[in-house]
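To start, the structure under review is shown below, and the notes come after it.
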Amino acid sequence: MTRDLAPLQADTFDLLVVGGGIHGLFVAYDAAARGLRVALVERGDVGSGISFNHQRTLHGGLRALQSGQIRKCRQQIAERRSWARIAPHLLRPMPFLIGTYRGTRRSRLAVRAGFKLYDFIGKARNVGVLPELHLPNSRLESKTATRRFFPGIDEQGLSGGAIWYDYQTVHPDRLTWAVAAAAVQAGAVIATYVEALTPLREGDRTSGVSARDALTGAPFDIRARAVVLAAGSGLGALHRRFGVTGAPPLVRAMNLLIDRPAKDIALAASSARGRMLTAVPWAGRVLVGTHQPDGVVSEDDSPSMDPIIDAFIEEVHSAFPALEARRSDVRFVHHGLVPGQPSASGFDLLAEPQLLTHAGSPGLLSLVGVKYTTARLAAERAVDAVAKLLGEATRVCRTATAVLPHADVADSDGLLQETSRELGIRLDKDVRSHLAGWYGTEAPAVLRCAHTESAMARLAPGSPVIEGEIIYATRESAAVRLEDVVFRRTPLGSAGDPGDSAVARAAAIMARESEWSNVRSDEELARVRQRFAR
């Protein structure tokens, strides 16, 4: 996958997708796989918005069941299973523990009954899933075991605990990239750093967009028979440019990566504000979320994050006191703007994804995504609507079962070791584990590139990421900015600041590959430093 804007101007597409988050990528992938001619443009990098900032978990709808939404619960269980079938290399089962309490809605009797119903609804959760990804039934734990697993748990009325299982996305940014790669493999044209400006029209019908290259400022047109806006927090601004309405209000969602060693179990507890928080082990530390400050925000909202982070840390104290989290312990802040809706407490996350049609603008649809877990299904429904709009008889949707590129469970480590022996390279154990775990069956190609370019050195002493990965990302994976390689094509910076020397070395490699000027290099470094500062 390389960034090439020429194909965008050389054809009229059946479908143009605006927005390269997980929802837009799945729309492009599904539509192309069904036989439509598809293009996708994204004003930044693929997966650089809220798809980068979620809590790295694929949920099976337990909270939906708690509120009596059995259909929604069943749907989320099915989508969680689909992820296990299409990306087994990038998922792992994760146990979640919550306390049970006497005389409350979370009594052992009530939780046991709820879990029995949950397991019954999800009895097909492991069908077609590899044995190593099978999710066990939920279960109750003793008070002693609960205290051992959950230090600092609220003791008042504690009667024990309950455990259920979901999936953790081991490398979430690589997972998003795998969907982008699947779209390209299916025939979609994907271009990053392209901003959609205004609609093109034939009569009253939307027939594409006027766009500009966000890197050079050059304007150009993209023609398509249908356009789907899947722009996440940018949807409202696009609606104003397109002269349509319907974008929901936005609320801020935030997760904090806390510098504390993590046990291999996720914990769930209510904060003093009554919001359920989870503390999930990720990258060897604890990722706590999701916090939603009160009120709605605009898409260009950029307040000081200090008071917001401080308020979140207070919530973390009340839910997980044993973490003893301080401001100085925050390694990284994952935050973004997500669609919201009014609730009894003000505003909350939008309950369901929405597919909007726009009166007076035939050919234009908007997809409002909600959860990473259900993005595939929301996209399938959007493509169904596009096919109907175009009057096209398309192939059957197969995105729920077709394995994503390099995300199967082939012996990645064995393939990598075989390539290492062929090239006469002896890899450190942690570098080998990282390459096989992150790239899957693409790891041998990355290693060959690194070896050919004499770029086997680590970027930082404590990181397994090697110099050759930056070269490979720039040449083969459409990495255009330093942010792309630091946060998404590699795991160099997604779990916190790897240090100035590592980032500077990555910038020097990209500068050489992309022929950046000194001014451009300084700008790229400043953008990454600002992201860590925030």
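Where a number appears in this text, it was derived from the coordinates with a stated rule and is not lab data. Because the structure is predicted, anything quoted here is derived from the model rather than measured. Backbone-built Cβ (ideal geometry, glycine too); neighbour counts: all protein chains shown.
Observations on the model:
- His434, His317 arranged by Cβ crowding within 10 Å, fewest neighbours leading: His317, His434
- Residue-span extension gain [Arg63 to Leu215] - 0.36 nm each, minus C-alpha spacing: 50.5 nm
- When the C-alpha to C-alpha distance is required to be over 22 Å, the pairs from Lys72/Lys371; Lys116/Lys143; Lys72/Lys116; Lys72/Lys388; Lys72/Lys123 that qualify are Lys72/Lys388.
- The charge dipole of the chain, taken about the Cα centre with unit charges on the Cβ atoms of Lys, Arg (+1) and Asp, Glu (-1), comes to about 1980 debye, rounded to the nearest 20.
- Separation of alpha-carbon centers, the stretch 378-431 and the stretch 438-453, rounded to whole Å: 16 Å
- Dipole axis of the chain (+1 Lys, Arg; -1 Asp, Glu on Cβ), positive-most option in Phe52, Pro7, Ser138: Ser138
- Relative compactness, the stretch 301-375, computed as alpha-carbon Rg over 2.2 N^0.38 Å: 1.57
- Dividing the summed helix terms, -39500 (n - 2.57) for each DSSP H run of n ≥ 4, by the number of residues in the chain produces a 222 nm estimate of -10500 deg cm²/dmol to the nearest 500.
- Which of Thr373, Thr198 has the fewest Cβ neighbours within 10 Å, and the rest in rising order: Thr198, Thr373
- Projecting the Cα atoms of Ile86, Leu109, Leu62 onto the charge dipole of the stretch 6-159 (Cβ charges, centred on the Cα centre) puts Leu109 farthest toward the positive pole.
- Taking the stretch 152-174 and a reference point 7 angstrom along Cα→Cβ of Leu140, the backbone N atoms nearer than 15 Å belong to 158-164.
- Take every Cα pair under 8 Å whose residues are at least 6 apart in sequence, average their separation, divide by the length of the stretch 412-533, and the relative contact order is 19 percent.
- Take every pair of alpha-carbon atoms less than 8 Å apart whose residues are at least six positions apart; their mean separation over the length of the chain yields a relative contact order of 18 percent.
- Couplings 3J(HN,Hα) for the stretch 51-62, derived from phi with the Karplus relation 6.51 cos²θ - 1.76 cosθ + 1.60 (θ = phi - 60°), are 5, 7, 10, 7, 8, 6, 9, 9, 8, x, x, 5 Hz, where x marks Gly and Pro.
- Per-selection Rg to Rh, the chain - Cα, Kirkwood hydrodynamic radius: 0.96
- Fully extending the segment from Ala402 to Thr245, taken as 0.36 nm per residue of separation minus the present Cα-Cα distance, adds 53.0 nm.
- Going from the residue with the fewest nearby Cβ atoms within 10 Å to the one with the most, Cys449, Cys397 rank Cys449, Cys397.
- The distance separating the Cα centre of the stretch 260-335 from that of the stretch 489-534 comes to 26 Å.
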